[in-house]
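K.L.:
Pasting in a structure now, in structure tokens, and then I'll have a few things to ask.
The values are calculated or read from the model by the stated rules, or taken from the named source; none is laboratory data. Note that the coordinates shown come from a computational prediction; the quantities given were computed from them, not determined experimentally. We place every Cβ from the backbone using ideal geometry, glycine too, and count neighbours over all the protein chains shown.
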Amino acid sequence: MRRCLIPVCLVSGILIPLAAAAQTSQSPPGASSPYTLRIPVDEISLTFHASDARGKPLAHLTRSDLALSDNGKPQNRIVMLHSFEDLPIRAGFLFDTSASMLAEVAFNGSIINAYASQLLRKGYDRAFVEQFDTDTFIRQDWTDSDTAIAAGAAAVGNRPGRYDPLTAIFDSLYTTCRAQWKADPDSPTGNFILLFSDGEDDASHAWLSEAVDMCQRTRTAIYAIVNGRGHQFSDGYRTLQDLTQQTGGRLFVNPHGDQILQDLRIMEAEQRNQYRLVYKPSDFKADSSFHRIRLRCSVQGAHLTTRSGYYAFPRP
């Protein structure tokens with residue numbers, strides 16, 4: 001797989017207002033032209049979901065309830081912890097339409113229909129439908145209409161004059177997150193991709209780490225549904241495990257019948273009720289290595305769902 005260098009950065013920024021003395025000479029006398037300077041700092045933003053022993057969202061956690069480690073080192077420099085309840089959903093439904101997945105399109109479309117008709121809230125949530133092989137193609141742009149989403153899912157399939165048996169999962173995830181969640185990235189929403197794929201990538205220019213980093217920067221969790229047997233030992237299955245674990249999502253294997261809606265409800269609860277934690281890691285080095293995060297809660301019966309870590313990419 002040929003590598004294409006994509007500049008990425010995990011660190012967040014600080015907005016610092018500058019004094020009027022720094023205004024340009026073109027400003028008229030007495031006019032105020034404030035502007036901001038963005039300075040990168042070594043801070044990591046971590047989104048997580050907390051539930052109690054019955055699976056219900058757990059609210060009102062404090063910093064003292066949490067224990068965080070980064071590559072095995074305890075982290076005490078938590079600079080922010082904020083909870084969000086009943087967030088609006090911003091979802092992307094991504095269909096792998098390479099040769100190995102075309103037979104699954106109709107069944108996967110029925111899963112989308114179940115989510116849109118039973119869980120998507122009109123006037124509050126929004127979603128889009130996209131298919132990909134070595135390129136991406138929007139079948140339904142952002143909408144709050146379950147009928148429009150169903151129509152988009154029904155349109156997924158072969159494109160006239162185009163047949164590509166190869167798959168570029170990492171490229172597709174990278175470009176989709178960058179394009180679809182670029183507007184107001186700091187708004188509090190539950191962002192996720194529901195990915196239908198066997199995980200076999202044979203055409204991407206981006207690495208898995210670069211796709212994961214872009215998902216993390218847009219706070220977009222990847223949930224994946226995989227069907228079929230004998231996949232647990234395949235490279236594609238391991239790829240889907242890495243994508244979902246490193247972005248804070250889940251991998252659902254062979255869901256059928258009532259299990260489908262149960263899995264969708266799990267995904268729904270995790271995205272609507274979240275915490276956002278920001279911490280400054282000790283001894284941070286921008287060496288592109290993977291840092292494993294472990295987050296624990298002292299509340300009895302609590303269960304936390306979050307991404308498994310992050311890549312310490314250098315600043316662009």
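K.L.:
Residues of the range 105-149 being within 27 Å of residue 202 (Cβ to Cβ), of a type in the set (Ser, Thr, Tyr) and out of contact with any strand residue (DSSP E or B) (no Cβ under 9 Å at 6 or more places or on another chain), which ones?
P.N.:
134 - this is the single residue of the range 105-149 that is within 27 Å of residue 202 (Cβ to Cβ), of a type in the set (Ser, Thr, Tyr) and out of contact with any strand residue (DSSP E or B) (no Cβ under 9 Å at 6 or more places or on another chain).
K.L.:
Kindly indicate which of 233, 252 is of a type in the set (Phe, Trp, Tyr), touching an Asp or Glu at 6+ places or on another chain (Cβ under 8 Å) and over 13 Å from residue 310 (Cα atoms). Quick ask: steps written out before the conclusion?
P.N.:
Values: 233 fails: touching an Asp or Glu at 6+ places or on another chain (Cβ under 8 Å).
Sole residue among the options that is of a type in the set (Phe, Trp, Tyr), touching an Asp or Glu at 6+ places or on another chain (Cβ under 8 Å) and over 13 Å from residue 310 (Cα atoms): 252.
K.L.:
Among (1) at pLDDT 95 or above; (2) of a type in the set (Ser, Thr, Tyr); (3) surrounded by fewer than 17 Cβ atoms within 10 Å (Cβ to Cβ), there is one condition residue 143 misses while meeting the rest; what is its number?
P.N.:
All conditions pass for residue 143, except number (3).
K.L.:
I'm told residue 200 meets every condition in (1) surrounded by fewer than 16 Cβ atoms within 10 Å (Cβ to Cβ); (2) more than 18 Å from the chain's Cα centre (by Cα) except one. Can you identify the failing condition by its number?
P.N.:
Residue 200 satisfies all of (1) surrounded by fewer than 16 Cβ atoms within 10 Å (Cβ to Cβ); (2) more than 18 Å from the chain's Cα centre (by Cα) except (1).
K.L.:
How many of the residues making up the range 99-119 are outside any helix (DSSP H, G or I) and touching a helix residue (DSSP H, G or I) at 6+ places or on another chain (Cβ under 6 Å)? Before you say what the answer is, go through the steps one by one.
P.N.:
Within the range 99-119, the subset outside any helix (DSSP H, G or I) is 99-101, 119.
Still in the running and touching a helix residue (DSSP H, G or I) at 6+ places or on another chain (Cβ under 6 Å): 119.
Residues in the range 99-119 being outside any helix (DSSP H, G or I) and touching a helix residue (DSSP H, G or I) at 6+ places or on another chain (Cβ under 6 Å): 1 in total.
K.L.:
Which condition from (1) modelled with pLDDT of 95 or more; (2) surrounded by fewer than 19 Cβ atoms within 10 Å (Cβ to Cβ); (3) over 18 Å from the mean Cα position of the chain (by Cα) is the one that residue 159 breaks?
P.N.:
Evaluating residue 159 over (1) modelled with pLDDT of 95 or more; (2) surrounded by fewer than 19 Cβ atoms within 10 Å (Cβ to Cβ); (3) over 18 Å from the mean Cα position of the chain (by Cα) leaves (1) as the failure.
K.L.:
Also: Among the residues of the range 232-244, are any under 17 Å from the mean Cα position of the chain (by Cα), among the charged types (D, E, K, R) and in the same structural domain as residue 68 (by TED's automatic domain parsing)? Walk me through it before giving the result.
P.N.:
As a first pass, look at the range 232-244 and keep what is under 17 Å from the mean Cα position of the chain (by Cα): 239-244.
Retained after the next criterion (residues that are among the charged types (D, E, K, R)): 242.
Subsequent filtering for residues that are in the same structural domain as residue 68 (by TED's automatic domain parsing) retains none.
No, the conditions are met nowhere in the range 232-244.
K.L.:
Anything in the range 281-298 that is out of contact with any Leu (no Cβ under 7 Å at 6 or more places or on another chain) and surrounded by 16 or more Cβ atoms within 10 Å (Cβ to Cβ)? List them, or say none.
P.N.:
Of everything in the range 281-298, those that are out of contact with any Leu (no Cβ under 7 Å at 6 or more places or on another chain) and surrounded by 16 or more Cβ atoms within 10 Å (Cβ to Cβ) turn out to be 281, 284, 291, 294.
K.L.:
Conditions first: (1) surrounded by fewer than 15 Cβ atoms within 10 Å (Cβ to Cβ); (2) over 30 Å from residue 201 (Cα atoms); (3) aliphatic (A, V, I, L, M). Residue 66 passes all but one, so which condition is the exception?
P.N.:
Against the list (1) surrounded by fewer than 15 Cβ atoms within 10 Å (Cβ to Cβ); (2) over 30 Å from residue 201 (Cα atoms); (3) aliphatic (A, V, I, L, M), residue 66 comes up short only on (1).
K.L.:
Then there is this: In the range 257-316, which strands (runs of 3 or more DSSP E) lie fully inside it and hold 2 or more residues that are under 16 Å from residue 72 (Cα atoms)? Spell out the reasoning first.
P.N.:
Values: elements: 274-279, 290-297, 303-306, 309-311.
The qualifying strands (runs of 3 or more DSSP E) are 290-297, 309-311.
K.L.:
Hey, could you check the range 115-140 for residues that are under 17 Å from residue 191 (Cα atoms) and of a type in the set (Lys, Arg) and say which is surrounded by the most Cβ atoms within 10 Å (Cβ to Cβ)?
P.N.:
126
K.L.:
Scan the range 215-224 and tell me whether some residue there is among the polar types (S, T, N, Q), under 13 Å from the mean Cα position of the chain (by Cα), over 16 Å from residue 195 (Cα atoms) and surrounded by fewer than 24 Cβ atoms within 10 Å (Cβ to Cβ).
P.N.:
yes
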